[in-house]
1. Scan region 381-392 for residues that are open to solvent by 20 Å² or more (accessible area, probe 1.4 Å) and either in a loop (DSSP other than H, G, I, E, B) or small (G, A, S) (or both) and report the count.
2. Out of Q319, Q279, Q337, Q311, report the one residue that is part of a helix (DSSP H, G or I) and open to solvent by 60 Å² or more (accessible area, probe 1.4 Å).
3. If I filter region 521-559 down to residues being surrounded by fewer than 21 Cβ atoms within 10 Å (Cβ to Cβ) and aliphatic (A, V, I, L, M), which single residue comes out as modelled with the lowest pLDDT?
4. From the list Y185, Y207, which one is without any contact (Cβ under 8 Å) to a residue 60 or more places away in the chain and of a type in the set (F, W, Y)?
5. For the structure I just gave you, tell me whether R163 is open to solvent by 80 Å² or more (accessible area, probe 1.4 Å) and within 27 Å of the chain's Cα centre (by Cα).
6. Can you spot a residue in region 285-302 that is closer than 25 Å to D515 by Cα, modelled with pLDDT of 95 or more, of a type in the set (A, V, I, L, M) and touching a Lys or Arg at 6+ places or on another chain (Cβ under 9 Å)?
7. Could you please find all residues in region 279-332 being within 30 Å of S261 (Cα to Cα) and aliphatic (A, V, I, L, M)?
8. Looking only at region 453-461, decide whether some residue is under 27 Å from the mean Cα position of the chain (by Cα), aromatic (F, W, Y), buried (at least 17 other Cβ atoms within 10 Å of the Cβ) and more than 30 Å from V358 (Cα to Cα).
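The values are calculated or read from the model by the stated rules, or taken from the named source; none is laboratory data. Note that the coordinates shown come from a computational prediction; the quantities given were computed from them, not determined experimentally. When we count neighbours, we look across all protein chains shown, and the Cβ atoms used for this are built from the backbone with ideal geometry, even at glycine. Heads up: the accessible areas ignore ligands, DNA and RNA and are worked out on the full protein's heavy atoms, side chains in. Shrake-Rupley method; radii C 1.70, N 1.55, O 1.52, S 1.80 Å.
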Amino acid sequence: MTGGSGKATKSSKSGEAHRIACYLFGGITDTYSAGLPTSANFSRTRRMNPSVRFSNPGHKKQVIARAIACSMLLVLPSCRTPDLQPVEAGPGLPAGFQGATNGATTEAANGATSSENSGQLGIDEFYSDPALTGLIHQALGGNRELKNLEQEIRIANNEIRARSGAYLPMMSLGAGVGLEKTPRYTRDGAVDDQTFITPGQLIPNPYPNYAGGINFLWQLDIWRMLRNARDAAAQRQFAAIEKRNALVTRLVADTAENYYSLMALDKRMEMLDRTITLQQNSYEIAVAKMAAGRGTQLAVQRFQAEVRKNQSEKLIVAQEIVETENRINFTLNRYPQHVERSSADFYDTNIHALSIGVPAQLLQNRPDIRQAEREIEAAGLDVKVARARFYPSLSLSAGIGLEAFNPRYLLLTPESMAANVAGNLAAPLINKRAIEADYLSANARQLQAIYSYQRVILNAFTEVINRVSMVENYRKSIVLKRQQLEALVASVESASQLFQSARAEYIEVLFAQRDLLDARVTLIETKKQQLTAVVNTYQALGGGYLMSQGQPVLPGQPVLPGQPVLPGQPVLPGQPVPQNQPVPQNQPVPQNQPAPQNQPVPQNQPVPPGQPAPQNLPVPQNLPALPVLPQTKP
């Protein structure tokens, strides 16, 4: 305790740790808390000890040397990190799509280099049906699964904001009030009982304390740990965007596939109506022949059973139409209703010619590959973050404020002013199992991301080969089935004429009509499979996330490398360019097409060429007519 002029100051209550800190770091006696300043922060029992001073410059150099030595002792043991497991290299990407056959792009199918790729076409350019493109627009605007992924992107963006603030200085403002009661028969109580806080006034007991000030805390990112964590969050945001783009391509493909399925079901309904009419005429002829004594009841019963079977099949097809329409309505986020479509030219429906390009373009066009690439980059940054935990961390803290036992003394400066500054250097020495486990787990997640990337590329290449081959094989099959259908149509006409003139048995007519019905069903199914294969090939090539040339389906997503930036289209800040394989330049740019309009569905659809309408055979008079079930409109 020191006194003078009627004043006395309370002696320091610092312990051994406090004196060691003063000796090593030059008189800093208070490590300021990062929390709000309270009476504990500005405690009257934690003052600067005037007895601790640097007596000479040599002593100062000795303190600095000891501080450096202590820092080295902290750094050296933590520099060693566990060995990481290496990755197994995957198969190299082929130069071309060997094994794929595509009549539209023969050079690319044979493995030659081609800059054309249908995956770079927009939805409006690839699908020429205005009714279909209108449904796709509605699906992309209202689908709720897509809305959920947009919220995932927002969550990832907020994670970037949180990570960005971790490596910046933090400043807080606060105030606090405290009350301390010191026991009389203790060292602190005995000192307080004889210490004057102001002339003629002892330290009150209990002792009130009022404080207010500003705190400052800054963790220096010397190993880029915090900034790497921010960059990893940014990569995961880009991965979330690519996940959304992948869903967009799937929604486009699902909508187109269900649309063509509806067209096929409409054709099946039309085909059943024509078949029932044909068989009804044969039934009536069999009834007339039986009435004239030239036929039997067996023929009448067989034709009647065949008509009933096809009438029952119509009801099943009508149910399939309802379910397919509702699948489209669910994708469009609307309640069940009729889906506008044009099924008249189903047999002659042709989508845009396919061009498969080169395999390297898959890395740029397919969203799932770009998503896997972003996951690899994020996992690599996570490994760097885990490695930085082995190294020392340095943080700075400081505070300044006012403190007094009575509020009226708070504004008396500099007597009521309290301030401190401190630095903290810490590093792991022993028992580093937790950070070692975290480091090895980050390495394992990185290997998972790499192997997933290799699997996604292999799957994408295989999908293109399978679907392009399917398109070509189904196209050839349709040509042969059309020829089969023409022959069966002629056979049915011949059998009907021979049966009417009593030169052929009813069984020949019945079998001919069955074969014709089966052939028509098979042709419709094959055509639907061909259109579905074209749709899936477009998706496998990465198509479906662009509305038109260079314009993303949804605003706010980043522009891919090599694509022009359209006016008003933002590019996300800080986005690193992915290290994709080189893609051939000078690619043809498709022309923009006008926005699709809602066109009415044509009525009275014509009969496809090559399939003559059933002949109206004469019906005998005064014969019982076979009741016909009401037809269901497609």
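1. 2
2. Q319
3. V559
4. Just a single option satisfies the conditions, and that option is Y185.
5. yes
6. no
7. Scanning region 279-332 gives A305, V307, L315, I316, V317, A318, I321, V322, I328, L332.
8. no
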